[in-house]
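Only the coordinates and a few stated rules stand behind these numbers; no lab work does. A quick note: this is a predicted structure, and the numbers were derived from the prediction, not measured. Cβ placement follows ideal geometry from the backbone for every residue including glycine, while neighbour counts extend to all protein chains displayed.
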């Protein structure tokens, strides 16, 4: 969780700066800013997916199967990880 806070903290600071810098900007500048802002949001989502994948990789088979069932139950797209190892 701390890793996500650090990664996204930097991106949030950049987003705040971007919004503050363009408070009184014309529509054309706002469009350019919106694309930059979207890139920051996508980076935050990617950070979350990286950390979710790390967490899922330490699940045992029972935990991972429960995760898959939960995703199915709420119609959520699960993150698939390589489960081709022998559990001890």
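Numbers at a glance
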| quantity | calculated |
| --- | --- |
| Cα-projected label distance for residue 18 with residue 60, points at 7 Å along beta-carbon direction, nm | 4.3 |
| Cα gyration tensor category, rounded, prolate or oblate, for the stretch 2-57 with a/c compared to 1.5 | oblate |
| Folded to 0 to 90 degrees: helix 2-21 orientation relative to the chain principal axis, Cα | 20 |
| The chain: relative contact order in percent, alpha carbon pairs under 8 Å with at least 6 residues between | 27 |
| Separation between Cα centres of the stretch 25-40 and the stretch 7-21, rounded to whole Å | 13 |
| Within the stretch 1-27: backbone nitrogen closer than 14 Å to the residue 42 label point (7 Å, Cα to C-beta) | none |
| Cβ-Cβ FRET estimate between residue 76 and residue 50, R0 fixed at 22 Å, reported to 0.05 | 0.80 |
| MRE, 222 nm, helices only [DSSP H, n ≥ 4, -39500 (n - 2.57), over the chain, to nearest 500] | -25500 deg cm²/dmol |
